[in-house]
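Participant: Below: one structure in C-alpha cells.
The values are calculated or read from the model by the stated rules, or taken from the named source; none is laboratory data. Since we're looking at a predicted model, the values are computed, not measured. Neighbour counts are summed over all protein chains in view; Cβ atoms, including those assigned to glycine, are modelled from backbone coordinates with ideal geometry.
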Amino acid sequence: MGLLEEKCTMIADIFDLPVVFFQKNNEILFEIKKENLYNPFISVEDEPFHSAKIMNQYVEIPRIRKSNFLEKFILISVSEQSEFLGTLIIGPCLSSQVAEDRLLLLIKEHHAFSAKEEVLHYYRSLPIYSTEKLVKIGAFISYFLKGTSLNTTDIKDDYLHSLTLDTTNKRETKLANSTTFSNSIHERKFENEILKIVKNGEVEKLDKGFVYKEEEEVAIYSKSSHLRSLKNHLITLTALVSRASIDGGLHGEIALEASDRYILRIEEMYTTEDLYKMTVEMLHFFTQKVRESKTQQYSLPVVKAIHFIISNITEDLLHQQVADYAGVTPNYLSYLFNKETDETMSVFIQKARIEEAKHLLNTTSASISEISELLAFTDQSYFTKIFKKHQGVTPNQYRNQKEQSNAE
C-alpha cells in the first residue's frame with residue numbers, strides 16, 4: 001500500500017483535495033488532509049458514503065457523487081490482482097461558491113445555529129471545481145493509478161444517472177405506503193412527455209404552454225417541507241432533461257454544465273414561484289439547444305464558443321476568453337467559426353448582443369443607455385448605429401413599433 005499512499009499524497013497536493021482510502025471492511029487505511037477540515041453538519045465518524053453499498057463493490061470507472069450538503073466527491077475503486085481492496089474518496093469540493101443565504105438556509109434546516117461560523121468557514125475553504133473539470137480529474141487520477149484510459153462520457157453519464165437515481169429513490173421511499181403514489185405515476189407520464197419534447201427539440205410545444213401545471217397538481221414527496229420536495233422533484237427533472245437533450249444531439253459537455261448550473265440555482269431559490277419560472281427557462285434552454293444542434297451540426301469547439309458567448313453576452317467578451325473555454329487557440333477557433341457559420345466570431349457576438357437588446361426592449365422598461373451599457377457597447381451612439389445596421393431601425397423606433405403592435 002506504500003506506493004498507493006505515495007501517489008495519493010501527490011494527488012492531494014496537486015488538486016488540493018483530501019484523499020481517504022476505505023478498505024472493503026469500511027475501515028480507514030490512510031487519510032491525507034492538509035488541515036483538519038470536517039463538515040460541521042456531520043460527525044467525523046459519519047463521513048459521506050461511509051458504510052454505503054457504493055463503497056463495497058468494484059466499479060471500473062471513477063464515480064462523481066454529490067452529498068446532501070452540496071459537496072462533490074470522486075470515488076475510485078482499488079484492486080490488486082483482480083481482488084477488490086477498497087475505495088478511494090477524493091474530496092470534498094464544490095462546483096461553485098455557495099451563496100451565504102443558501103448556507104444560512106442549510107444551517108436552519110439542520111438546526112446548526114451554534115455552528116454558523118464553522119459552517120461558513122468550511123464552505124469557504126473548499127476548493128472549486130466544475131463538474132466537467134471534476135470528471136476530467138477523475139479520469140486523470142484513474143489513469144495515474146491504474147494506467148487505463150477512460151471515456152469521460154461514461155463518467156458523466158454515470159454522474160447524471162446518480163442524480164436521477166438518488167432523488168428518485170428518496171421520492172419512492174416516501175411514496176411506498178402513501179396515498180399520493182397514484183399522483184406520482186401521473187407525474188412520471190407527464191415527465192416522459194416533457195422529455196420527448198426536449199429530445200425532439202419541439203420548442204413550439206413549450207411555447208403553447210404544454211409544460212405549465214398548477215402548483216397543487218405537483219405531487220408532494222415530503223410531509224416536512226413542500227419547498228424541499230419541489231426542489232427534489234425539479235433536480236430530478238433537470239437531470240432527466242439534460243440526459244434527454246444529449247440523446248437529442250446536444251453535446252454532453254454543454255448539457256452537463258447547464259444541468260449543474262440549473263441545479264445550483266434550484267438549491268438557491270426560496271419560493272415556488274421562482275422555482276417554476278426557472279424550470280420553464282430551463283426547459284426552453286435545453287429544448288432550444290437541441291433544436292439548434294439538429295439544424296446546425298457544428299464541431300464541439302464552435303458549439304462551446306457559441307454557448308460561452310450566449311451565456312456571457314453582457315460581458316466584454318475577448319476572443320482569448322472564448323477560445324480558452326472552447327479549448328483551442330484563438331486563431332484556430334476563428335478559422336473554425338468562420339468556416340462553419342459563414343461569419344466571423346465578432347459579427348456573431350454583435351448579432352447576439354442585438355438579439356438580447358431586442359428582448360430587453362420588448363420585456364423591460366430599461367432605457368436605451370442602460371441597455372447599451374448592460375450589453376457592453378462602448379457608448380449609446382455606437383449601440384444605436386449597430387442596432388440600426390442589423391434591424392433597419394433605431395432601438396427607440398423598434399420599441400415604439402412593438403408597443404404599437406401589442407396595443408392593436
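Participant: Does PHE49 count as modelled with pLDDT of 85 or more, surrounded by fewer than 20 Cβ atoms within 10 Å (Cβ to Cβ) and touching a helix residue (DSSP H, G or I) at 6+ places or on another chain (Cβ under 7 Å)?
Facilitator: Values: modelled with pLDDT of 85 or more: no; surrounded by fewer than 20 Cβ atoms within 10 Å (Cβ to Cβ): yes; touching a helix residue (DSSP H, G or I) at 6+ places or on another chain (Cβ under 7 Å): yes.
Criteria not met by PHE49.
Participant: Count, please, the residues in the stretch 231-264 that happen to be over 20 Å from ARG291 (Cα atoms) and more than 9 Å from the chain's Cα centre (by Cα). Steps first, please.
Facilitator: To start, the set of residues in the stretch 231-264 that are over 20 Å from ARG291 (Cα atoms) comprises 231-236, 260-261, 263-264.
Next, only the ones that are more than 9 Å from the chain's Cα centre (by Cα) stay: 231-236.
Total meeting the criteria: 6.
Participant: From the list GLU216, GLU204, exactly one residue is assigned to a helix (DSSP H, G or I) and modelled with pLDDT under 50. Which is it?
Facilitator: Numbers: GLU204 fails: modelled with pLDDT under 50.
Residue meeting the stated conditions: GLU216.
Participant: Would you point out which residue out of ASP316, ASP342 is loosely packed, with under 13 Cβ neighbours inside 10 Å and at positive phi? Explain how you work it out, then say what you get.
Facilitator: On the way: ASP316 fails: at positive phi.
The match here is ASP342.
Participant: Of everything in the stretch 355-374, what is within 14 Å of GLU315 (Cα to Cα) and either of a type in the set (S, T, N, Q) or buried (at least 18 other Cβ atoms within 10 Å of the Cβ) (or both)? Give them in sequence order.
Facilitator: ALA357, ILE371, SER372
Participant: Okay, moving on. Taking the stretch 11-21 only, how many residues are touching a residue at least 12 places away in the same chain (Cβ under 8 Å) and outside any strand (DSSP E or B)?
Facilitator: So the count comes out to 6.
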